[in-house]
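Where a number appears in this text, it was derived from the coordinates with a stated rule and is not lab data. Keep in mind it's a predicted model, so treat the numbers as computed, not measured. Cβ sites come from the backbone with ideal geometry, for glycine too, and all protein chains shown count toward neighbours.
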Amino acid sequence: MSRCFLKANPETNAKEVFVGIDPGLSCWFFQAYAARDSEGEDVLLEWLPRASRGQVVDKIHEWADMDDPYTKLVLNSIALDLDPGDIPLSKRYVEDV
């Protein structure tokens, strides 16, 4: 299973966006989370546990920052039915601290 973290679209209330593929189940998944609540729990905004490539691509457009180069690489990988986990670590988004 691969799981990729994408930069969230600043126009949404998402803080974290994850996409990936589960080869064992032969399906894609998508998750979008908001900031943690007052009790420190993750707030799940959207969850597609067994999604098609098309559904995941649509959700990436909705929740992820489409100006981010890494997001574009992951989107292209998914559109070509390739594992986005194979994108080199050097291409991954790193947030300024």
Condition met for Phe29 (within 18 Å of Val57 (Cβ to Cβ) and in contact with a Cys (Cβ under 8 Å, 6 or more places away or on another chain)):
no
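For (1) of a type in the set (S, T, N, Q); (2) over 21 Å from Leu82 (Cβ atoms), each residue gets a yes or a no:
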site: Ser2; (1), (2): yes, no
site: Lys7; (1), (2): no, no
site: Glu11; (1), (2): no, yes
site: Leu25; (1), (2): no, no
site: Lys59; (1), (2): no, no
How many residues of the stretch 1-33 are within 20 Å of Pro69 (Cβ to Cβ), exposed (fewer than 14 other Cβ atoms within 10 Å of the Cβ) and touching a residue at least 12 places away in the same chain (Cβ under 8 Å)? The answer is 2
Considering residues that are in a helix (DSSP H, G or I) and surrounded by 14 or more Cβ atoms within 10 Å (Cβ to Cβ), the number found within the stretch 63-84 is 10
Return yes or no: is Ala79 touching an Asp or Glu at 6+ places or on another chain (Cβ under 6 Å), farther than 15 Å from Ser2 by Cβ and in contact (Cβ under 8 Å) with a residue 24 or more places away in the chain?
no
Residue pairs, Cβ under 7 Å, 6 or more apart or interchain, first in the stretch 62-75 and of a type in the set (S, T, N, Q), second crowded, with 17+ Cβ neighbours inside 10 Å. List them.
Thr71/Leu6; Thr71/Lys7; Thr71/Ile60; Thr71/Ala64; Thr71/Asp65
